[in-house]
Amino acid sequence: MVSGELDLTGLRRVYGRPGSRLFYTAVCRNARHWGWTEPGQSKWRCWRAQRQLEGVLGRKLSLPAGSRVLDAGCGAGVVAREMAKRFGLRITGVDVLDFHVREARRLSERAALEDRTTFSWGDYHDLEFADGSFDGAYSMETLVHSYDPARALAELHRVLRPGGRLVLLGPIGAPRDELGAEGRAVLDPYLDAMVFPGAKQYDTRSLNDLLAGAGFRVEEALDATARYRPTSDALYAYFRVPYALLRLFGPAERWLNMRSVVEMYKVRDYVSWYVHTAVKP
Ligand SMILES: C[S@@+](CC[C@H](N)C(=O)[O-])C[C@H]1O[C@@H](n2cnc3c(N)ncnc32)[C@H](O)[C@@H]1O
């Protein structure tokens, strides 16, 4: 993995292999994110947890219907369509994987949401949009892929209007000094395999500073680990045996994002899940 530049080959390996694509389409119904489980709810209903996480995002964005919102790293556009349907937002999604952009457009057309969701190829470190183009922006579990998180946040800041809102959701590693050599030895191979260079550049302590450095006022840094863990536990229970069996027929890379699910469980002591809400003053 080359640090400091876009690793398209690595991202294609993570998301583009037939096993990964089958996993995301058939199992995750095109979503490429984890879920939010309320206390007392069953952990086994992962699709409900995913819809609930999208609900958390919509409420944290807290923007009126019709607002223009950037989805940085939109995948197949599941989140964008939920934001359009449930919150009436007008979403512009960008992603660096052409097959994700094509899939997002196709699915939005099928859902008759192409007037409220548009998708194009774009790297969120270097966006083609004019300053102040958006009322809001979000990253649903994509900042971990960033090769330069400070630059990505500065770019999101640039394309927001004054008063614009930013919501970041996703996993964050423990501070490197707290991990120690043993923690790094467990976590780093996972981060490298999943092309998560961002996860080595910011942590639970430093993301607030990075946001402030980019010009944002942090409204809330919510540690949501307890809400995410049930999905992680359930997916591990569902997939650890199929994953072990598949590995008998070839390297884990062929099934990489099933690897993400199973191995995320193994590194869970070194990872937290946060929802950051920030405003461009
Ligand atoms: C875990 S997936 C999340 C997709 C979507 N947000 C969702 O929740 O379904 C991460 C996405 O970020 C995209 N991505 C990674 N680096 C990116 C970058 N620099 N600019 C835009 N998208 C990027 C990947 O291609 C992938 O689609």
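Bear in mind that the values in this text are calculations on the coordinates, not laboratory data. A quick note: this is a predicted structure, and the numbers were derived from the prediction, not measured. Because the Cβ atoms are built from the backbone with ideal geometry, glycine has one as well, and the counts that use them run over all protein chains shown.
Within the range 8-279, what is the number of lysine pairs with alpha carbons under 28 Å apart, leaving out pairs fewer than eight places apart on the same chain?
Details: 43/60; 43/85; 43/266; 60/85; 60/200; 200/266.
Lysine pairs meeting both conditions in the range 8-279 amount to 6.
Under 10 Å, Cα contacts only: if you run a Gaussian network model on the chain, which one of 160, 61, 222 comes out with the highest mean-square fluctuation?
Residue with maximal mean-square fluctuation among 160, 61, 222: 222.
Counting every Cα pair in the range 1-149, what percent are over 24 Å apart? Spell out each step's value before the answer.
Numbers: 3465 of 11026 pairs.
Across the range 1-149, Cα pairs with separations above 24 Å total 31 percent.
Based solely on C-alpha atoms, express the radius of gyration and the Dmax of the range 139-279 in angstrom.
Answer for the range 139-279, Rg first and Dmax second: 16.3, 54 Å.
Cα convex hull of the chain: how many Å³ per residue? Kindly include the intermediate steps, with their values, before the conclusion.
Values: hull volume 34.1 nm³, N = 281.
Convex hull of Cα atoms, per residue: 121 Å³.
Can you give the FRET efficiency for residue 237 and residue 111, using 1/(1 + (r/R0)^6), R0 = 35 Å, r = Cβ-Cβ distance, to the nearest 0.05?
Working: r = 31 Å, r/R0 = 0.89.
The pair residue 237/residue 111 has a calculated efficiency of 0.65.
Beyond 13 Å, what share of the Cα-Cα pairs of the range 118-178 is found? Please give it as a whole percent. Please report the intermediate quantities before stating the final value.
On the way: 1206 of 1830 pairs.
Of the Cα pairs, 66 percent sit more than 13 Å apart.
Tell me what the chain gives for mean residue ellipticity at 222 nm when only DSSP H runs of n ≥ 4 count, each as -39,500 (n - 2.57), the sum divided by the residue total, rounded to 500 deg cm²/dmol.
Working: 10 runs with 123 residues, N = 281.
Calculated from helices alone, the mean residue ellipticity at 222 nm is -13500 deg cm²/dmol.
Out of 161, 176, 110, any idea which swings most in a Gaussian network model of the chain, alpha carbons joined below 10 Å?
110
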